[in-house]
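Here the structure is laid out as structure tokens; the discussion comes afterwards.
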Amino acid sequence: MIAIEKVGKNFGSTTVLDGVELAIAPGEVVSILGASGSGKSTLIRCINGLETVDAGRITVDGFDVAEKAGLAEARRRSATVFQLFNLYPHMTALENVMLAPTMVLKRPRAEVEAEARALLERVGLAARAEAYPAQLSGGQRQRVGICRALAMKPRYLLLDEVTSALDPEMTAEVLAILAQLAREGTTMLFVTHEIEFARRISTRVVFLEKGRIEVNLPTAEFFSEAGGLANPRIARFLSRMAAPEAAAPLSPAPTDAHEAS
Amino acid sequence: MAFDLTVLVPYLGQLADGALLTAEACFFAVLGSFVCGTLAAFAATSAEPGLRRIAGAYTGLFRNIPFIVQLFFFYFGLPEIGLYIDAFTTGCIALSIAGGAYAADVLRAGILSVDPGVVEAAKVSGLTRLATFRLIVLPIALRASVRPLGSVFINLILTSSILSTITLNELTGAAKIVASTTFRPFEVYFVLLVVYAGLTYLMSLAISLLHRRLNRYMAEG
């Protein structure tokens, strides 16, 4: 279980996370929705120790990520997939997937390679195992990114806006794989702007607003009129994200002479 | 006196010996400066302020002292305190330390150009800091730094001529002797010019090949 207890985080004078309380139990798929700048990505970066929290505590299966040994153990239990893939550019797809299992878990190469090839095959990249990241499309790169995370056999998969840098077609490729992982019972914390997809695969949806958890509800309830949609902020967010044509027309550029001077 | 290279024929062996010694010294100096530079660049980009200061002092110091002074200090100064090192070893060490200070700066810039996201991916996967540096940061930084590093190495070849001042009869030292025995400095130094140009050309060729090979698949991050 990932337990986030009263977590606060500031960047200078800006409060990014403010008393966030959240628990992710094994088997859950928790989607985190929210506007850009609401602290979604920062929350993931606090869980995997890329940022330190200023208040509160985060534990992964009881291991406190604020402690050196705890963080090392927490990082073995979770794996992160990044928005911009962050593949190792000087290594082939296969080498990218194999690096951590061989170097961190010290497992035998032959065994790791067989597993890595099986993972790549599962995401339809068996034929691209020897390709370098620069030779792959964005969607293919992100599929390698997912394989790299899965190769560590993590209990928790942290997904940080993994489709934001992809066009719709590539997004579909990646989401299909995530849907499959969700069906197989992979525990996931899924920071996303893909609302429809979050609705289909998550067990729970969290809405983050200005660093606070506005709503934390089971998926069906979140999307019901009496549940999440009863919150005007969420209703507005969902209507804009889901149906961009319903968004307010562009307001005319300000022409006020006083303001200009 | 007409320009006549044939007068040098009896001395070719001597000049070739000198060229070989230069090549050997440069080989060790390139290796040594790469090692010194890598260590210093690791320290310079470390999170540890103490290490960063040491690296800063090293590059600052050795880039701001004339090489010939460093060399004299090692060769003529150190024996005063009981440290005797032969001329060849002293030369290689001095070149390595001086070249390392320049290589460190080049590598530091390469390291800073590595996409921080890629480093974060390595960290999060549980790689130790040293493993991340060795397997991710350094190989990527090297790809960006090969060419400027080549300039440092070429400079090292040129600087190696100064080793002739500490009794080492490398190419320049050998040429001086030949020039003073034949009284044909024009021909001797003409040959010297050509050989140095050849050596540095070989180095830049090797660097170009290495650059192309390392960056085969690095079209973009």
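Every read-out reported here was derived from the displayed coordinates using simple, explicitly stated rules and does not represent laboratory data. Since the model is a prediction, treat every value here as computed from it, not as a measurement. Using ideal geometry, Cβ is built from the backbone for each residue, glycine included, and neighbour counts are taken over all protein chains shown.
Considering only lysines 8 or more places apart in sequence, or on different chains, count the pairs in chain A whose C-alpha atoms sit under 14 Å apart. Intermediate values should be presented prior to the final figure.
On the way: A:9/A:40; A:9/A:210; A:40/A:210; A:106/A:153.
Lysine pairs satisfying the spacing and distance rule in chain A number 4.
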**Report entry** Under 11 Å, Cβ to Cβ, from residue A:215 - net charge with Lys/Arg +1 and Asp/Glu -1
**Finding:** 0
Query - More than 29 Å apart - percent of Cα-Cα pairs taken over the protein assembly as shown - result: 62
Report task. In Å and from the alpha-carbon atoms only, list the Rg and Dmax of segment B:36-155. Result -> 16.7, 53
**Report entry** Rg and Dmax of chain B, Cα atoms only, in Å
**Finding:** 20.7, 73
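Restricting to Cα pairs below 8 Å that are 6+ residues apart, what does the relative contact order work out to for chain A? Please round to a whole percent. If you can, show how the numbers build up before the last one.
Numbers: 466 pairs, mean separation 61.9, N = 261.
It comes to 24 percent, rounded to a whole number.
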Query raised in the report: Among the chymotrypsin sites (Phe, Trp or Tyr not before Pro) within segment B:101-187, which fall in a DSSP loop and have no more than 12 other Cβ atoms within 10 Å of their own Cβ?
Result: B:183
Query raised in the report: Is any residue of segment B:189-221 close enough, with backbone N under 18 Å, to a label point placed 7 angstrom from the Cα of residue B:147 along the Cα-Cβ axis, and if so, which?
Result: B:201-221
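What number comes out for the charge environment of residue B:90, summing +1 per Lys or Arg and -1 per Asp or Glu over other residues with Cβ under 15 Å away?
Working: positive: none; negative: B:24, B:80, B:86, B:170.
Result for the neighbourhood of residue B:90: -4.
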Report summary line: In nanometres, the difference between 0.36 nm per residue of separation and the alpha-carbon distance of residue B:158 and residue B:210 is 16.6 nm
Query raised in the report: Counting Lys +1, Arg +1, Asp -1, Glu -1, what net charge surrounds residue B:6 among other residues with beta carbon under 15 Å of its beta carbon?
Result: -1
Query raised in the report: Shielding of A:79-88 by partners, i.e. mean partner chain Cβ atoms within 10 Å per residue?
Result: 5
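Which order do peptides A:179-185, B:47-53 fall in by mean Cβ count within 10 Å, highest first? Before the final figure, lay out each step's value.
On the way: A:179-185: 13.3, B:47-53: 10.7.
Result, highest mean Cβ count within 10 Å first: A:179-185, B:47-53.
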Report summary line: Restricting to Cα pairs under 8 Å and 6 or more apart, the percent relative contact order of segment B:5-214 works out to 30
**Report entry** Compactness of segment B:78-121, expressed as Rg and Dmax over alpha-carbon positions, Å
**Finding:** 17.6, 52
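Rounded, prolate or oblate: pick one for chain A, where a ≥ b ≥ c are the square roots of the eigenvalues of its C-alpha gyration tensor, a/c under 1.5 means rounded, and failing that, prolate if a/b is larger than b/c, else oblate. Write down the numbers at each step before the final one.
Numbers: a/c = 1.75, a/b = 1.43, b/c = 1.23.
Here chain A falls in the prolate category.
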Report summary line: Residues whose built amide H sits under 5 Å from the amide H of residue A:83, excluding neighbours closer than 5 in sequence, are A:160
Query raised in the report: Quick one: of the DSSP bridges fully inside the protein assembly as shown, what percent are antiparallel, nearest 5?
Result: 55
Query raised in the report: Per residue of A:48-61, how many C-beta atoms from partner chains lie within 10 Å of its own C-beta, taken as a mean?
Result: 1
